[in-house]
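Here is the structure we will look at, set down as structure tokens.
Rule-based calculations on the coordinates, nothing more; no lab input. In this text the structure is predicted, and so the values were computed from the model without any measurement. Ideal geometry is used to build each Cβ from the backbone, glycine not excepted, and the neighbour counts take in all protein chains shown.
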């Protein structure tokens, strides 16, 4: 007990305050700046060693994402110190080593590094500016990792392995294990190291799981199917006889927890009665406990099953989103928890004791969290009668009169807006704005058919859902035509531009971050390894006529609202040329447009200093045009 009390105290000191209360030094009418809101903390992506003695997490408390380490539940220390932060990390089963992926300036060309987590030292493992490495998985029986790399042709991600010798000055050349064309990623290794699960993706909505012999590379397809179905998040039982995974290949088209006997190849669903999608699962190293998260109307709820006794538990003490599960062999489970009013933090759930402990306490930057608003889940009718779910945020003192509103379009498109903590939402709400975050057709979380409703020729149907959202706000007295903003990043940036084209009377301003303006140039210039997967969603380059028709730049003369465009110079997904060409086109036609390009960012804004610049500019732009 003393150990836990000491742990809570020191972490609270590190993060600035405890979660039970916040010191209020300002009143709602004396609003602090957006810069203060953007410095509210975050801790996530926890991993735990097999024996539970080492816990790691990532946080950008140092300005960019770095890895932090608890050893025997003592004071955490910063393990990595990359200038541009990390892309990913994966600890060894004993927690004494970590593979870290890091790239420069948002390029996503991740190099691999190996760290001794006890000594806190690290060195290069695989470094090549022309190659992207990823998805490291540790062999449980030896110091060896499996990973994916596009080093052979820049397009296909094959699976390799390499041995790890931290003391050695050289690394043996990686050995290619599997070379199926396309996008592949190792998922898990059997306890004896002889069987490797590999996930192969034809598109974002169509994948397979293969069982690969690590000695000779012979592969067996475990999930033969026709049409588009997902098979992912594979986990092997310790003896390699069973595979647990997620799939939507069932009559309802919902992603559910499945189990397969490798010898019989028959799929058995563990939660067939659930009306909700399952989004992730984790198996304890000893194979006794299985944990998963069900997506219940956007909220993430934790389930745990004792595979030995068959007992199942739904952990309902947390109202928000549970994600990023990792488990020790004794049933201790670490995960990220966040809600609309709580930033992400790391929690520990002891399955045997049925107890919850919060491990990190992110700073609220001196802001009273009681001021943060929880959204209300609503549904509105689109043009064809489809009921579109959305989260509605209103100022706590809203008096029923129209106010300026922001419609937030998520990226993906196979993604979903979740009621997690969004710093700038809370700032805008406290400054008199409302926010509506819809999950338009094509969003995940609502079943296979909903995801497919915007594919290819039906692309503009999703934009009509945005028009219906604006109309719903106006008809219900929340806002007025011309006082609504549309904003989004990546695919959400495309939605922003397309909405300004299709509904110029509704929107008074647009904010496009790393968005697609021209589908032809986007598909031609995106990273080669992404092209085939993106064509499966948006349409092939061979159909340029259609791609030009749905491209906002083709109809840029319809855009009347002032537009803020934000992009990273090094973006490999949506190249910065998309931002420049739409900005130049609008400017040439006399429209109002501002272009903000970060020279040291990619498909996102990783550095705190750049985030502060962006959100300061965004808030000023909204205030100037909607207030």
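If you take P(r) over Cα pairs in 20 Å bins from 0, in percent from the coordinates, which of (i) 13, 27, 15, 12, 11, 13, 8, 0; (ii) 19, 55, 26, 1; (iii) 18, 45, 28, 8, 1, 0 do you get?
It is the value labelled (ii).
Relative to the longest principal axis of the C-alpha atoms of the chain, give the angle of the C-alpha long axis of helix 528-538, reported between 0 and 90° and rounded to the nearest 10°.
Approximately 60 degrees, to the nearest ten.
What is the fewest-to-most order of 555, 625, 200 by other Cβ atoms lying within 10 Å of their Cβ? Don't jump to the answer; show the numbers that get you there.
On the way: 555 16, 625 19, 200 22.
The most exposed by this proxy come first: 555, 625, 200.
Could you list log10 I(q)/I(0) for region 369-626 at q = 0.11, 0.15 Å⁻¹, which the Debye formula gives when each Cα is one point scatterer?
-0.55, -1.08
At 222 nm, what helix-only mean residue ellipticity would the chain give, in deg cm²/dmol to the nearest 500, using -39500 (n - 2.57) for each DSSP H run of four or more?
When only DSSP H runs of four or more count, the value is -5500 deg cm²/dmol.
What is the fewest-to-most order of 611, 624, 265 by other Cβ atoms lying within 10 Å of their Cβ? Mind showing how you got there, number by number?
Working: 611 22, 624 10, 265 13.
Listing 611, 624, 265 from fewest to most nearby Cβ atoms yields 624, 265, 611.
Would you please give the FRET efficiency between residue 165 and residue 221, computed as 1/(1 + (r/R0)^6) with r the Cβ-Cβ distance and R0 = 41 Å, to the nearest 0.05?
On the way: r = 34 Å, r/R0 = 0.83.
Plugging the Cβ-Cβ distance into 1/(1 + (r/R0)^6) gives 0.75.
If you average the sequence gap of Cα pairs under 8 Å that are 6 or more apart and divide by the length of the chain, what percent do you get for the contact order?
11 percent.
Kindly put 384, 208 in sequence by how many other C-beta atoms sit within 10 Å of each C-beta, fewest to most.
Details: 384 11, 208 20.
Ranking 384, 208 by Cβ neighbours within 10 Å, fewest first, gives 384, 208.
Specify whether the C-alpha gyration tensor of region 492-627 places it in the rounded, prolate or oblate class, a ≥ b ≥ c being the square roots of the eigenvalues: rounded for a/c under 1.5, otherwise prolate if a/b is larger than b/c and oblate if not.
Oblate, because a/c is 1.5 or more while a/b does not exceed b/c.
What do you get for the angle between helix 491-502 and the principal long axis of the chain? Use alpha-carbon atoms, 0 to 90 degrees, nearest ten.
The angle comes out at about 20 degrees.
Pairing the Cα long axis of helix 2-15 with the longest principal axis of the chain, what angle in degrees results, from 0 to 90 and rounded to the nearest 10?
40 degrees
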